[in-house]
Amino acid sequence: MRRDRQEYRQNGFILIVVLGAVLMLSALLYGFNQATRTSLDKADGFCSAEQVWNSAWAGLQIAVAAIRDTEDLSADPKWARLLDGENAFPVGDASCSITVTEENGLLNINHLKNADGQLERKRVDQFLRLIDLVNGQQTDSQRIGYGIVPGIIDWVDRDDEVTHLPFIKRENTGAEYDYYETHTPAYRCRNKPLDTIDEILWIKGITPEAFSRLRPLLTCLGDGKVNINAAPLLIIESLSEQMDAALAQMIVSHRKLKPFGSTAELRNVPGMTDNAYVAMKDLITVAPTERYYRITSRGSTRNRKCTIEALLQRNTQAGNVDIVSYREL
């Protein structure tokens with residue numbers, strides 16, 4: 001009887017040891033399985049990240065090739081569609097979409113004053129009209145004030161005198177160092193032309209919302225004249241008081257059929273008056289002295305995205321394309 005009880009205890013102990021070993025092995029296997037899964041997920045994530053980056057990079061290289069080999073994208077039917085909006089195409093198991101914006105078609109805020117420091121009244125008036133047009137697009141949004149115009153002028157001009165625009169009834173005063181030194185932390189007024197349009201976020205009166213609404217329409221590159229073959233509808237409409245939405249749309253429709261070979265050809269657009277043409281002819285061009293393009297290339301898979309934004313300059317003398325700025329978002 002005592003022997004049976006002893007064997008029973010021994011068998012129970014062995015069972016406990018076996019169960020403990022099984023539990024330990026299970027824990028080890030579970031840990032190994034989790035580590036393996038983590039490693040596989042990391043490898044899959046790395047592969048997917050490389051895939052979407054390569055897709056976005058391929059889109060940028062397509063844009064570089066198009067700009068390098070084409071003097072004017074808007075005049076080449078094969079590439080003109082790049083200027084119309086996003087263009088998607090597959091890249092292996094990923095996809096890529098490209099948006100090309102010709103900076104010369106936008107309003108250059110570095111040229112609100114001329115080289116002698118004199119106000120460029122026509123460009124200032126155009127900027128004020130553009131603000132009205134942008135405000136009219138979203139009546140439920142906070143109004144963008146006219147005060148950003150003298151604010152930008154003071155930020156880019158070389159003097160320390162606060163700009164006052166007497167032809168504006170309200171919000172007509174800019175800001176110099178005395179204003180910016182009251183911020184925490186304090187910073188100086190730039191007093192020289194902008195290098196990137198993103199810098200205007202530092203300027204008095206420009207909120208992030210105002211910046212997001214104006215950024216697609218403004219540039220700080222080029223000779224200051226608007227390329228009428230690449231300008232967005234709102235930029236065209238802002239060129240003169242005689243321009244309305246219908247006439248601006250007629251210009252866009254006309255250039256889609258055939259880009260303007262000279263600014264004088266605008267006289268042939270139905271609805272164009274002598275007053276409207278004369279008012280804007282000094283502000284426009286069809287042959288910019290320098291060509292700049294902003295490229296946004298987006299690579300994507302089912303669960304990953306990568307965006308590359310680059311600013312390109314077509315170097316006609318060297319026959320290549322220079323990357324002025326580059327960033328991954």
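What follows draws every value from the coordinates through simple rules; no lab data is involved. The model shown is predicted, which means the values in this text are computed figures rather than measured ones. Glycine gets a Cβ as well: all are built from the backbone with ideal geometry, and neighbour counts include every protein chain shown.
List of remarks:
- From the coordinates of this entry, semi-axes √(5λ) of the Cα gyration tensor in Å is computed, and it appears in (1) 42, 37, 18; (2) 60, 28, 18; (3) 34, 21, 19 under the label (2).
- Among CYS220, CYS47, the order by Cβ neighbours within 10 angstrom, fewest to most, reads CYS47, CYS220.
- Environment charge of ARG143, counting only residues whose C-beta is closer than 12 Å and scoring Lys/Arg +1, Asp/Glu -1: -2
- Among ARG121, ARG314, ARG129, the ranking by other beta carbons within 10 Å of each residue's beta carbon, starting with the fewest, stands as ARG121, ARG129, ARG314.
- Sum of side-chain charges, GLU265 neighbourhood, beta-carbon under 12 Å (Lys, Arg +1; Asp, Glu -1): +4
- Screening the chain for DSSP H helices whose Cα atoms reach 27 Å or more along their own axis and whose mean Kyte hydropathy is at least -1.0 gives 2-69.
- Gaussian network model of the chain, Cα within-10 Å springs - most flexible of GLY117, GLY105, GLY147: GLY117
- Bridging of LYS78 to lysines at a Cα separation below 22 Å is possible for LYS256, LYS258, once same-chain residues fewer than 8 apart are set aside.
- Cα shape, region 98-198, gyration tensor, a/c 1.5 rule: rounded
- Sparse-neighbour loop sites [GluC sites (Glu not before Pro); region 273-329; at most 13 other C-beta within 10 Å; DSSP]: GLU290
- At most 12 other Cβ within 10 Å, DSSP loop - chymotrypsin sites (Phe, Trp or Tyr not before Pro), region 140-204: PHE167, TYR187
- Cα shape, region 170-320, gyration tensor, a/c 1.5 rule: oblate
- DSSP-assigned coil residues among GluC sites (Glu not before Pro) in region 68-126, each with at most 15 further Cβ atoms within 10 Å: GLU71, GLU86
- Full-stretch length increase - ARG302, LEU128 - with 0.36 nm per residue and alpha-carbon distance subtracted: 58.3 nm
- Mean sequence separation of contacting Cα pairs (under 8 Å, at least six apart), scaled by the length of the chain, corresponds to a relative contact order of 22 percent.
- Max mean-square fluctuation residue, GNM over the chain, Cα-Cα springs under 10 Å, options GLN137, GLN317, GLN118: GLN317
- Cβ-based net charge around LYS305, under 12 Å, with every Lys or Arg adding one and every Asp or Glu removing one: +2
- When DSSP beta bridges are restricted to pairs lying wholly in the chain, around 90% turn out antiparallel.
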